[in-house]
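To keep things clear, I will list the structure first and then write my remarks on it.
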Amino acid sequence: MTAIAPASRDRARPVGELVVGLGLLGVFIAGTILSTVLPMAPQLAVVCTILLLVLVVPAAYQSRRGADMSIFLLAPTIISAFQNVYLLPVVGQLTGGQFQIVIVLNFVDAVVLLGVLAFVRPERRPHRSALDRLVRLVALLALVATLYGLFSAVLFRADLTSALAAYRNLVTPMLFVLLGLVGARSTRARNYLGALCALGVVVVLFGFYELNAPSFWQNAGLTRLWDAKGIGTAASTGLPANFYSSEQFDDRPLRRMVGSFADPVNFGTFLFAAFVAAWVLRRWIVALLMLAAMALAVSKGGLLTVLVFAALWTRVYANRAVQVVAVVAVVVAGVVVYGYTLTNSTGSTEAHVGGFTAAFTELPGHPMGRGMGNVGVLASLFDDGSGSEVQESGLGVTIAQLGVVGVAVYGWFFVALVRAAARIADERLRLAALALTVGFIANAAFNEVAMSPNSASPYFVAIGLCIGAGAARSQPHDDRLTEIPHWNTLEPSKRYGNA
(Lines give C-alpha, C1' and ligand atoms only; values in the text may rest on other atoms or scores of the structure.)
Protein backbone atom coordinates (compact mmCIF):
# COMPACT_ATOMS: atom_id res chain seq x y z
CA MET A 1 0.00 0.00 0.00
CA THR A 2 1.18 3.50 -0.75
CA ALA A 3 0.43 6.09 1.87
CA ILE A 4 -1.47 9.14 0.81
CA ALA A 5 1.04 11.84 0.06
CA PRO A 6 1.01 15.06 2.04
CA ALA A 7 -0.92 17.82 0.38
CA SER A 8 0.85 20.55 -1.45
CA ARG A 9 0.68 24.10 -0.18
CA ASP A 10 -2.08 25.10 -2.58
CA ARG A 11 -4.24 22.21 -1.37
CA ALA A 12 -3.88 22.99 2.34
CA ARG A 13 -6.65 24.70 4.22
CA PRO A 14 -5.41 28.08 5.51
CA VAL A 15 -7.00 29.33 8.71
CA GLY A 16 -7.96 32.54 6.92
CA GLU A 17 -10.09 30.66 4.39
CA LEU A 18 -11.83 28.81 7.20
CA VAL A 19 -12.62 32.04 9.04
CA VAL A 20 -13.88 33.71 5.88
CA GLY A 21 -16.07 30.69 5.08
CA LEU A 22 -17.59 30.68 8.57
CA GLY A 23 -18.15 34.43 8.32
CA LEU A 24 -19.99 34.06 5.01
CA LEU A 25 -22.15 31.30 6.46
CA GLY A 26 -22.95 33.49 9.47
CA VAL A 27 -23.97 36.35 7.19
CA PHE A 28 -26.23 33.99 5.22
CA ILE A 29 -27.99 32.72 8.35
CA ALA A 30 -28.29 36.17 9.94
CA GLY A 31 -29.56 37.73 6.72
CA THR A 32 -32.14 35.00 6.28
CA ILE A 33 -33.38 35.41 9.86
CA LEU A 34 -33.57 39.21 9.56
CA SER A 35 -35.44 38.91 6.26
CA THR A 36 -38.36 37.30 8.09
CA VAL A 37 -39.63 40.80 9.04
CA LEU A 38 -40.62 41.17 5.36
CA PRO A 39 -43.69 39.74 3.63
CA MET A 40 -43.25 36.37 1.95
CA ALA A 41 -42.41 37.48 -1.62
CA PRO A 42 -39.82 40.14 -0.67
CA GLN A 43 -38.34 37.71 1.87
CA LEU A 44 -37.77 35.07 -0.80
CA ALA A 45 -36.10 37.68 -3.04
CA VAL A 46 -33.80 38.76 -0.20
CA VAL A 47 -32.92 35.17 0.73
CA CYS A 48 -32.07 34.33 -2.89
CA THR A 49 -29.91 37.46 -3.19
CA ILE A 50 -28.02 36.72 0.02
CA LEU A 51 -27.55 33.10 -1.04
CA LEU A 52 -26.11 34.23 -4.38
CA LEU A 53 -23.76 36.86 -2.97
CA VAL A 54 -22.36 35.17 0.13
CA LEU A 55 -22.42 31.47 -0.81
CA VAL A 56 -22.85 30.81 -4.54
CA VAL A 57 -20.33 33.34 -5.86
CA PRO A 58 -17.59 32.57 -3.28
CA ALA A 59 -18.12 28.81 -3.70
CA ALA A 60 -17.91 29.13 -7.49
CA TYR A 61 -14.72 31.18 -7.19
CA GLN A 62 -13.11 28.63 -4.85
CA SER A 63 -14.18 25.72 -7.01
CA ARG A 64 -12.85 27.31 -10.19
CA ARG A 65 -9.40 27.90 -8.72
CA GLY A 66 -9.30 24.36 -7.29
CA ALA A 67 -9.16 25.57 -3.69
CA ASP A 68 -10.19 23.42 -0.75
CA MET A 69 -13.98 23.40 -0.27
CA SER A 70 -14.12 21.86 3.21
CA ILE A 71 -15.93 24.71 4.92
CA PHE A 72 -18.55 24.89 2.15
CA LEU A 73 -19.10 21.12 2.32
CA LEU A 74 -19.49 21.33 6.09
CA ALA A 75 -21.89 24.31 5.93
CA PRO A 76 -25.13 22.23 5.80
CA THR A 77 -24.02 20.33 8.91
CA ILE A 78 -23.16 23.57 10.73
CA ILE A 79 -26.62 24.90 9.90
CA SER A 80 -28.19 21.68 11.21
CA ALA A 81 -26.12 21.75 14.39
CA PHE A 82 -27.21 25.26 15.41
CA GLN A 83 -30.56 25.67 13.68
CA ASN A 84 -32.66 25.12 16.79
CA VAL A 85 -30.49 27.55 18.74
CA TYR A 86 -30.64 30.53 16.37
CA LEU A 87 -34.37 29.99 15.73
CA LEU A 88 -35.29 30.34 19.41
CA PRO A 89 -35.26 34.17 19.58
CA VAL A 90 -37.31 34.67 16.40
CA VAL A 91 -39.71 31.74 16.19
CA GLY A 92 -42.57 33.77 17.66
CA GLN A 93 -42.35 36.30 14.80
CA LEU A 94 -42.34 33.78 11.94
CA THR A 95 -45.35 32.84 9.87
CA GLY A 96 -45.82 29.21 8.87
CA GLY A 97 -44.36 29.79 5.40
CA GLN A 98 -41.39 31.75 6.72
CA PHE A 99 -40.68 29.05 9.30
CA GLN A 100 -40.62 26.37 6.60
CA ILE A 101 -38.15 28.43 4.54
CA VAL A 102 -35.77 28.85 7.47
CA ILE A 103 -35.75 25.20 8.55
CA VAL A 104 -34.78 23.90 5.07
CA LEU A 105 -31.71 26.14 4.70
CA ASN A 106 -29.37 23.17 5.12
CA PHE A 107 -31.03 21.27 2.28
CA VAL A 108 -31.24 24.32 0.01
CA ASP A 109 -27.58 25.13 0.64
CA ALA A 110 -26.59 21.56 -0.26
CA VAL A 111 -28.57 21.60 -3.53
CA VAL A 112 -27.11 24.96 -4.57
CA LEU A 113 -23.57 23.91 -3.63
CA LEU A 114 -23.89 20.69 -5.64
CA GLY A 115 -24.92 22.73 -8.67
CA VAL A 116 -21.90 25.00 -8.22
CA LEU A 117 -19.47 22.10 -7.89
CA ALA A 118 -20.99 20.21 -10.81
CA PHE A 119 -20.87 23.09 -13.30
CA VAL A 120 -17.94 25.19 -12.06
CA ARG A 121 -15.05 22.74 -12.20
CA PRO A 122 -11.38 23.26 -11.38
CA GLU A 123 -9.27 24.46 -14.31
CA ARG A 124 -6.99 21.42 -13.97
CA ARG A 125 -9.15 18.38 -13.33
CA PRO A 126 -7.58 14.90 -12.94
CA HIS A 127 -8.88 12.00 -15.02
CA ARG A 128 -10.79 9.62 -12.70
CA SER A 129 -13.15 7.51 -14.77
CA ALA A 130 -14.16 5.18 -11.91
CA LEU A 131 -15.20 8.11 -9.74
CA ASP A 132 -17.07 9.79 -12.59
CA ARG A 133 -19.02 6.60 -13.26
CA LEU A 134 -20.01 6.39 -9.61
CA VAL A 135 -21.19 10.01 -9.75
CA ARG A 136 -23.34 9.22 -12.79
CA LEU A 137 -24.77 6.11 -11.13
CA VAL A 138 -25.74 7.95 -7.94
CA ALA A 139 -27.25 10.81 -9.96
CA LEU A 140 -29.29 8.31 -11.99
CA LEU A 141 -30.54 6.56 -8.85
CA ALA A 142 -31.50 9.92 -7.34
CA LEU A 143 -33.43 10.76 -10.51
CA VAL A 144 -35.29 7.43 -10.44
CA ALA A 145 -36.17 7.90 -6.75
CA THR A 146 -37.37 11.43 -7.51
CA LEU A 147 -39.54 10.51 -10.48
CA TYR A 148 -41.08 7.45 -8.87
CA GLY A 149 -41.55 9.30 -5.59
CA LEU A 150 -43.48 12.07 -7.35
CA PHE A 151 -45.49 9.52 -9.32
CA SER A 152 -46.41 7.60 -6.17
CA ALA A 153 -47.33 10.79 -4.29
CA VAL A 154 -49.80 11.71 -7.04
CA LEU A 155 -51.08 8.15 -7.48
CA PHE A 156 -51.76 7.63 -3.78
CA ARG A 157 -52.86 11.25 -3.14
CA ALA A 158 -50.30 12.25 -0.54
CA ASP A 159 -50.53 15.63 1.15
CA LEU A 160 -48.25 18.07 -0.71
CA THR A 161 -46.38 19.32 2.37
CA SER A 162 -45.91 15.80 3.66
CA ALA A 163 -44.67 14.60 0.26
CA LEU A 164 -42.11 17.41 0.01
CA ALA A 165 -40.86 16.75 3.54
CA ALA A 166 -40.59 13.02 2.82
CA TYR A 167 -38.77 13.69 -0.47
CA ARG A 168 -36.11 15.71 1.34
CA ASN A 169 -35.31 12.67 3.48
CA LEU A 170 -35.50 10.21 0.60
CA VAL A 171 -32.95 12.04 -1.55
CA THR A 172 -30.66 13.21 1.27
CA PRO A 173 -28.16 10.27 1.20
CA MET A 174 -27.66 10.58 -2.56
CA LEU A 175 -27.50 14.38 -2.52
CA PHE A 176 -24.77 14.51 0.11
CA VAL A 177 -22.69 11.65 -1.26
CA LEU A 178 -22.71 13.47 -4.59
CA LEU A 179 -21.47 16.57 -2.75
CA GLY A 180 -18.57 14.56 -1.37
CA LEU A 181 -17.75 12.82 -4.66
CA VAL A 182 -17.84 16.00 -6.73
CA GLY A 183 -16.16 18.05 -4.00
CA ALA A 184 -13.29 15.54 -3.90
CA ARG A 185 -11.95 17.07 -7.13
CA SER A 186 -10.28 19.77 -5.02
CA THR A 187 -11.01 18.99 -1.36
CA ARG A 188 -8.82 16.81 0.83
CA ALA A 189 -10.72 14.36 3.02
CA ARG A 190 -8.33 15.18 5.87
CA ASN A 191 -9.33 18.86 5.83
CA TYR A 192 -13.03 18.10 5.95
CA LEU A 193 -12.61 15.52 8.73
CA GLY A 194 -10.54 18.00 10.74
CA ALA A 195 -13.27 20.62 10.45
CA LEU A 196 -15.83 17.98 11.45
CA CYS A 197 -13.79 17.21 14.58
CA ALA A 198 -13.71 20.91 15.50
CA LEU A 199 -17.47 21.17 15.05
CA GLY A 200 -17.91 18.05 17.19
CA VAL A 201 -15.95 19.60 20.05
CA VAL A 202 -18.02 22.81 19.92
CA VAL A 203 -21.30 20.90 19.83
CA VAL A 204 -20.32 18.65 22.75
CA LEU A 205 -19.09 21.57 24.88
CA PHE A 206 -22.45 23.22 24.28
CA GLY A 207 -24.01 19.93 25.36
CA PHE A 208 -22.18 19.94 28.68
CA TYR A 209 -23.46 23.47 29.26
CA GLU A 210 -27.11 22.83 28.41
CA LEU A 211 -27.13 19.57 30.38
CA ASN A 212 -25.94 21.30 33.55
CA ALA A 213 -27.65 24.69 33.20
CA PRO A 214 -30.97 24.60 35.11
CA SER A 215 -33.98 25.31 32.90
CA PHE A 216 -31.79 26.46 30.00
CA TRP A 217 -34.11 25.25 27.25
CA GLN A 218 -37.30 26.24 29.06
CA ASN A 219 -36.03 29.78 29.59
CA ALA A 220 -34.86 29.98 25.97
CA GLY A 221 -38.41 29.26 24.77
CA LEU A 222 -38.02 25.77 23.34
CA THR A 223 -41.74 25.08 23.81
CA ARG A 224 -42.61 27.78 21.23
CA LEU A 225 -40.19 26.29 18.73
CA TRP A 226 -41.46 22.75 19.18
CA ASP A 227 -45.07 23.92 18.94
CA ALA A 228 -44.19 25.59 15.62
CA LYS A 229 -42.83 22.24 14.43
CA GLY A 230 -46.05 20.53 15.47
CA ILE A 231 -44.34 18.32 18.02
CA GLY A 232 -45.03 19.90 21.38
CA THR A 233 -43.40 19.46 24.78
CA ALA A 234 -44.37 17.78 28.05
CA ALA A 235 -46.35 20.06 30.38
CA SER A 236 -44.58 18.67 33.45
CA THR A 237 -41.04 19.47 32.25
CA GLY A 238 -41.41 21.98 29.43
CA LEU A 239 -39.14 19.73 27.35
CA PRO A 240 -39.73 17.28 24.50
CA ALA A 241 -40.31 13.70 25.62
CA ASN A 242 -37.14 12.43 23.94
CA PHE A 243 -35.00 14.72 26.11
CA TYR A 244 -35.38 11.90 28.64
CA SER A 245 -34.30 8.31 28.08
CA SER A 246 -36.97 5.73 27.45
CA GLU A 247 -34.91 3.35 29.61
CA GLN A 248 -35.16 3.46 33.38
CA PHE A 249 -31.97 3.84 35.43
CA ASP A 250 -32.54 3.42 39.18
CA ASP A 251 -36.27 3.48 38.40
CA ARG A 252 -36.19 6.83 36.65
CA PRO A 253 -35.31 8.12 33.18
CA LEU A 254 -32.17 10.15 32.61
CA ARG A 255 -32.06 13.67 31.20
CA ARG A 256 -30.13 13.19 27.94
CA MET A 257 -27.44 15.47 26.55
CA VAL A 258 -28.84 17.03 23.37
CA GLY A 259 -26.09 19.49 22.43
CA SER A 260 -26.77 22.43 20.15
CA PHE A 261 -28.96 20.15 18.01
CA ALA A 262 -31.60 20.28 20.77
CA ASP A 263 -32.40 16.74 19.70
CA PRO A 264 -30.70 13.68 21.23
CA VAL A 265 -31.30 11.49 18.16
CA ASN A 266 -29.71 13.86 15.63
CA PHE A 267 -27.02 14.64 18.18
CA GLY A 268 -26.16 10.99 18.80
CA THR A 269 -26.06 10.24 15.09
CA PHE A 270 -23.74 13.19 14.45
CA LEU A 271 -21.39 12.12 17.25
CA PHE A 272 -20.49 8.87 15.50
CA ALA A 273 -19.47 10.74 12.34
CA ALA A 274 -17.28 13.05 14.44
CA PHE A 275 -15.84 10.02 16.27
CA VAL A 276 -14.83 8.37 12.99
CA ALA A 277 -13.24 11.63 11.81
CA ALA A 278 -11.25 11.85 15.03
CA TRP A 279 -10.14 8.22 14.70
CA VAL A 280 -8.91 8.77 11.14
CA LEU A 281 -6.86 11.78 12.23
CA ARG A 282 -5.67 10.07 15.46
CA ARG A 283 -7.17 12.79 17.62
CA TRP A 284 -7.76 10.47 20.52
CA ILE A 285 -8.99 13.04 23.03
CA VAL A 286 -11.66 14.19 20.58
CA ALA A 287 -12.63 10.57 19.89
CA LEU A 288 -13.01 9.85 23.62
CA LEU A 289 -15.03 13.05 24.02
CA MET A 290 -17.43 11.91 21.29
CA LEU A 291 -17.84 8.50 22.96
CA ALA A 292 -18.51 10.13 26.34
CA ALA A 293 -21.12 12.40 24.75
CA MET A 294 -22.83 9.36 23.15
CA ALA A 295 -23.16 7.81 26.61
CA LEU A 296 -24.56 11.04 28.08
CA ALA A 297 -26.99 11.29 25.15
CA VAL A 298 -28.11 7.70 25.89
CA SER A 299 -27.87 7.16 22.14
CA LYS A 300 -28.76 3.61 21.15
CA GLY A 301 -28.07 4.52 17.52
CA GLY A 302 -24.64 5.78 18.51
CA LEU A 303 -23.91 2.58 20.41
CA LEU A 304 -25.04 0.46 17.47
CA THR A 305 -22.74 2.30 15.06
CA VAL A 306 -19.80 2.03 17.46
CA LEU A 307 -20.35 -1.74 17.58
CA VAL A 308 -20.36 -1.78 13.77
CA PHE A 309 -17.11 0.17 13.78
CA ALA A 310 -15.53 -2.26 16.24
CA ALA A 311 -16.46 -5.25 14.08
CA LEU A 312 -15.11 -3.62 10.92
CA TRP A 313 -11.93 -2.52 12.70
CA THR A 314 -10.98 -6.13 13.34
CA ARG A 315 -11.61 -6.93 9.66
CA VAL A 316 -8.89 -4.45 8.65
CA TYR A 317 -6.41 -4.60 11.51
CA ALA A 318 -6.65 -8.03 13.16
CA ASN A 319 -6.00 -11.66 12.27
CA ARG A 320 -8.77 -14.18 11.73
CA ALA A 321 -8.92 -15.43 15.32
CA VAL A 322 -9.23 -11.94 16.76
CA GLN A 323 -11.89 -11.15 14.14
CA VAL A 324 -14.04 -14.06 15.27
CA VAL A 325 -13.67 -13.20 18.96
CA ALA A 326 -14.42 -9.54 18.32
CA VAL A 327 -17.52 -10.24 16.23
CA VAL A 328 -18.84 -12.59 18.92
CA ALA A 329 -18.16 -9.94 21.58
CA VAL A 330 -19.95 -7.29 19.52
CA VAL A 331 -22.98 -9.53 19.02
CA VAL A 332 -23.12 -10.40 22.72
CA ALA A 333 -22.85 -6.72 23.68
CA GLY A 334 -25.66 -5.87 21.28
CA VAL A 335 -27.90 -8.61 22.64
CA VAL A 336 -27.23 -7.54 26.24
CA VAL A 337 -28.07 -3.91 25.48
CA TYR A 338 -31.16 -4.92 23.51
CA GLY A 339 -32.32 -7.14 26.36
CA TYR A 340 -31.81 -4.34 28.87
CA THR A 341 -33.83 -1.88 26.80
CA LEU A 342 -36.68 -4.37 26.46
CA THR A 343 -36.96 -4.86 30.22
CA ASN A 344 -36.25 -1.27 31.28
CA SER A 345 -37.82 0.81 28.51
CA THR A 346 -41.19 2.39 27.88
CA GLY A 347 -41.45 0.65 24.50
CA SER A 348 -39.21 2.80 22.32
CA THR A 349 -36.99 -0.10 21.24
CA GLU A 350 -39.94 -2.27 20.18
CA ALA A 351 -41.32 0.62 18.12
CA HIS A 352 -38.04 1.05 16.23
CA VAL A 353 -37.59 -2.66 15.57
CA GLY A 354 -41.26 -3.17 14.72
CA GLY A 355 -41.22 -0.26 12.30
CA PHE A 356 -38.41 -1.87 10.31
CA THR A 357 -39.85 -5.38 10.20
CA ALA A 358 -43.35 -4.10 9.35
CA ALA A 359 -42.00 -2.67 6.08
CA PHE A 360 -41.26 -6.18 4.83
CA THR A 361 -44.48 -7.74 6.10
CA GLU A 362 -46.48 -5.01 4.32
CA LEU A 363 -44.45 -5.13 1.08
CA PRO A 364 -46.28 -8.12 -0.54
CA GLY A 365 -49.60 -6.33 -0.12
CA HIS A 366 -48.23 -2.99 -1.36
CA PRO A 367 -45.51 -3.76 -3.94
CA MET A 368 -45.81 -0.25 -5.41
CA GLY A 369 -45.57 1.29 -1.95
CA ARG A 370 -48.08 3.56 -0.26
CA GLY A 371 -46.81 6.76 -1.84
CA MET A 372 -44.13 9.29 -0.94
CA GLY A 373 -45.37 11.28 2.05
CA ASN A 374 -47.96 8.75 3.20
CA VAL A 375 -45.83 6.82 5.72
CA GLY A 376 -43.82 7.67 8.82
CA VAL A 377 -43.56 10.38 11.43
CA LEU A 378 -43.53 13.18 8.84
CA ALA A 379 -46.76 11.85 7.35
CA SER A 380 -48.39 11.86 10.78
CA LEU A 381 -47.27 15.47 11.35
CA PHE A 382 -48.68 16.87 8.12
CA ASP A 383 -51.45 14.38 7.40
CA ASP A 384 -53.21 11.40 8.94
CA GLY A 385 -50.98 9.01 6.99
CA SER A 386 -52.06 5.84 5.24
CA GLY A 387 -52.60 3.61 8.25
CA SER A 388 -49.26 1.87 7.83
CA GLU A 389 -47.62 0.37 10.90
CA VAL A 390 -44.18 1.41 9.62
CA GLN A 391 -42.80 4.08 11.94
CA GLU A 392 -39.46 5.03 13.47
CA SER A 393 -37.37 3.34 10.76
CA GLY A 394 -35.74 5.33 7.98
CA LEU A 395 -35.22 2.33 5.72
CA GLY A 396 -38.61 0.90 6.65
CA VAL A 397 -40.38 4.15 5.75
CA THR A 398 -38.48 4.28 2.44
CA ILE A 399 -39.59 0.75 1.54
CA ALA A 400 -43.17 1.41 2.64
CA GLN A 401 -43.37 4.57 0.53
CA LEU A 402 -41.70 3.35 -2.68
CA GLY A 403 -42.21 -0.43 -2.53
CA VAL A 404 -39.99 -2.66 -4.66
CA VAL A 405 -38.64 0.38 -6.51
CA GLY A 406 -37.34 1.72 -3.22
CA VAL A 407 -35.74 -1.63 -2.37
CA ALA A 408 -34.00 -1.76 -5.76
CA VAL A 409 -32.84 1.86 -5.87
CA TYR A 410 -31.52 2.13 -2.33
CA GLY A 411 -30.16 -1.41 -2.33
CA TRP A 412 -28.15 -0.64 -5.46
CA PHE A 413 -27.04 2.68 -3.95
CA PHE A 414 -25.66 1.18 -0.74
CA VAL A 415 -24.04 -1.77 -2.50
CA ALA A 416 -22.25 0.65 -4.85
CA LEU A 417 -20.97 2.68 -1.91
CA VAL A 418 -19.75 -0.37 -0.01
CA ARG A 419 -17.95 -1.73 -3.08
CA ALA A 420 -16.30 1.63 -3.78
CA ALA A 421 -15.32 2.07 -0.13
CA ALA A 422 -13.82 -1.42 0.00
CA ARG A 423 -11.43 -0.51 -2.85
CA ILE A 424 -9.83 2.45 -1.05
CA ALA A 425 -6.15 1.63 -0.58
CA ASP A 426 -5.50 3.61 2.59
CA GLU A 427 -6.76 1.51 5.52
CA ARG A 428 -7.91 4.40 7.67
CA LEU A 429 -9.93 6.03 4.93
CA ARG A 430 -11.25 2.65 3.83
CA LEU A 431 -12.42 1.77 7.34
CA ALA A 432 -13.90 5.24 7.79
CA ALA A 433 -15.95 4.98 4.57
CA LEU A 434 -17.11 1.44 5.36
CA ALA A 435 -17.97 2.25 8.98
CA LEU A 436 -19.94 5.34 8.01
CA THR A 437 -21.82 3.47 5.27
CA VAL A 438 -22.61 0.29 7.21
CA GLY A 439 -23.16 2.25 10.43
CA PHE A 440 -25.66 4.50 8.67
CA ILE A 441 -27.53 1.50 7.26
CA ALA A 442 -27.75 -0.09 10.70
CA ASN A 443 -28.87 3.17 12.31
CA ALA A 444 -31.38 4.04 9.59
CA ALA A 445 -32.96 0.59 9.90
CA PHE A 446 -34.19 1.51 13.39
CA ASN A 447 -34.19 5.31 13.27
CA GLU A 448 -36.35 7.38 10.94
CA VAL A 449 -34.51 10.61 11.78
CA ALA A 450 -31.26 9.15 10.41
CA MET A 451 -32.46 9.87 6.87
CA SER A 452 -32.85 13.61 7.49
CA PRO A 453 -30.19 16.17 6.42
CA ASN A 454 -29.67 17.00 10.10
CA SER A 455 -28.31 13.49 10.68
CA ALA A 456 -27.06 12.18 7.33
CA SER A 457 -25.11 15.09 5.84
CA PRO A 458 -21.69 14.55 7.52
CA TYR A 459 -21.84 10.79 6.88
CA PHE A 460 -22.30 10.97 3.15
CA VAL A 461 -20.08 13.96 2.47
CA ALA A 462 -17.27 12.15 4.30
CA ILE A 463 -17.99 8.90 2.44
CA GLY A 464 -17.83 10.72 -0.89
CA LEU A 465 -14.56 12.46 0.00
CA CYS A 466 -12.95 9.21 1.19
CA ILE A 467 -13.95 7.41 -2.01
CA GLY A 468 -12.73 10.41 -4.00
CA ALA A 469 -9.38 10.26 -2.21
CA GLY A 470 -9.13 6.59 -3.19
CA ALA A 471 -9.95 7.41 -6.82
CA ALA A 472 -7.27 10.10 -6.85
CA ARG A 473 -4.68 7.43 -6.01
CA SER A 474 -5.66 5.18 -8.91
CA GLN A 475 -3.95 5.10 -12.28
CA PRO A 476 -5.48 7.30 -15.01
CA HIS A 477 -7.14 4.40 -16.84
CA ASP A 478 -7.56 1.95 -13.95
CA ASP A 479 -11.29 1.34 -13.49
CA ARG A 480 -10.64 -0.34 -10.16
CA LEU A 481 -10.11 2.38 -7.59
CA THR A 482 -6.96 0.63 -6.31
CA GLU A 483 -5.60 -2.78 -5.44
CA ILE A 484 -5.91 -3.60 -1.75
CA PRO A 485 -2.98 -5.46 -0.20
CA HIS A 486 -3.87 -7.15 3.07
CA TRP A 487 -2.73 -5.16 6.08
CA ASN A 488 -0.85 -8.05 7.63
CA THR A 489 1.38 -8.41 4.53
CA LEU A 490 2.77 -4.89 4.82
CA GLU A 491 5.91 -3.79 6.60
CA PRO A 492 5.12 -2.07 9.94
CA SER A 493 6.41 1.27 8.63
CA LYS A 494 3.89 1.13 5.76
CA ARG A 495 0.81 0.08 7.66
CA TYR A 496 -0.26 3.59 8.51
CA GLY A 497 -0.52 6.27 5.89
CA ASN A 498 -1.60 9.88 6.13
CA ALA A 499 -5.38 10.08 5.92
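The values are calculated or read from the model by the stated rules, or taken from the named source; none is laboratory data. All values reported here derive from a predicted model rather than from experimental measurement. Counting neighbours? That spans all protein chains shown, and the Cβs are built from the backbone with ideal geometry, glycine included.
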Can Ile103 be described as buried (at least 16 other Cβ atoms within 10 Å of the Cβ), among the aliphatic types (A, V, I, L, M) and over 23 Å from Ala189 (Cβ atoms)? yes
I'd like the full set of residues that are farther than 15 Å from Ala277 by Cβ and among the small types (Gly, Ala, Ser), limited to region 416-455. Ala416, Ala420, Ala421, Ala422, Ala425, Ala442, Ala444, Ala445, Ala450, Ser452, Ser455
Just wondering, is there one or more residues in region 456-472 that are assigned to a helix (DSSP H, G or I), out of contact with any Asp or Glu (no Cβ under 7 Å at 6 or more places or on another chain) and at pLDDT below 65? yes
Scanning region 34-51 for residues that are assigned to a helix (DSSP H, G or I), of a type in the set (A, V, I, L, M) and either under 21 Å from Tyr86 (Cβ atoms) or in contact with a helix residue (DSSP H, G or I) (Cβ under 8 Å, 6 or more places away or on another chain) (or both) gives Leu34, Val37, Met40, Leu44, Val46, Val47, Ile50, Leu51
Going through region 424-462 in order, the residues found to be over 26 Å from Tyr167 (Cβ atoms) and either of a type in the set (S, T, N, Q) or out of contact with any helix residue (DSSP H, G or I) (no Cβ under 6 Å at 6 or more places or on another chain) (or both) are Asp426, Arg430
Can you confirm whether Ser260 is crowded, with 19+ Cβ neighbours inside 10 Å, at pLDDT 80 or above and over 25 Å from Leu431 (Cα atoms)? yes
Here are Asn191, Asn242, Asn212: which of them is surrounded by fewer than 23 Cβ atoms within 10 Å (Cβ to Cβ) and in contact with an Asp or Glu (Cβ under 7 Å, 6 or more places away or on another chain)? Asn191
State whether the residues of region 429-440 include one that is at pLDDT below 90 and of a type outside the set (Gly, Ala, Ser). no
Give the residues of region 152-164 that are farther than 15 Å from Ser380 by Cα and either free of Cβ contacts under 8 Å to residues at least 24 places away in the same chain or surrounded by fewer than 20 Cβ atoms within 10 Å (Cβ to Cβ) (or both), sorted by residue number. Val154, Leu155, Phe156
Given the structure, is Pro122 out of contact with any strand residue (DSSP E or B) (no Cβ under 9 Å at 6 or more places or on another chain) and in a loop (DSSP other than H, G, I, E, B)? yes
Options Leu131, Leu141, Leu88, Leu170: the member that is out of contact with any strand residue (DSSP E or B) (no Cβ under 6 Å at 6 or more places or on another chain), in a loop (DSSP other than H, G, I, E, B), surrounded by 15 or more Cβ atoms within 10 Å (Cβ to Cβ) and not small (Gly, Ala, Ser): Leu88
Which of the residues belonging to region 234-261 are within 25 Å of the chain's Cα centre (by Cα) and of a type in the set (S, T, N, Q)? Asn242, Ser245, Ser246, Ser260
Residue, surrounded by the fewest Cβ atoms within 10 Å (Cβ to Cβ), within region 394-450, restricted to residues that are among the acidic types (Asp, Glu) and in a helix (DSSP H, G or I): Glu427
Name the single residue, out of those in region 165-220 being among the aromatic types (Phe, Trp, Tyr) and without any contact (Cβ under 8 Å) to a residue 24 or more places away in the chain, that is nearest to Ala118 (Cα to Cα). Tyr209
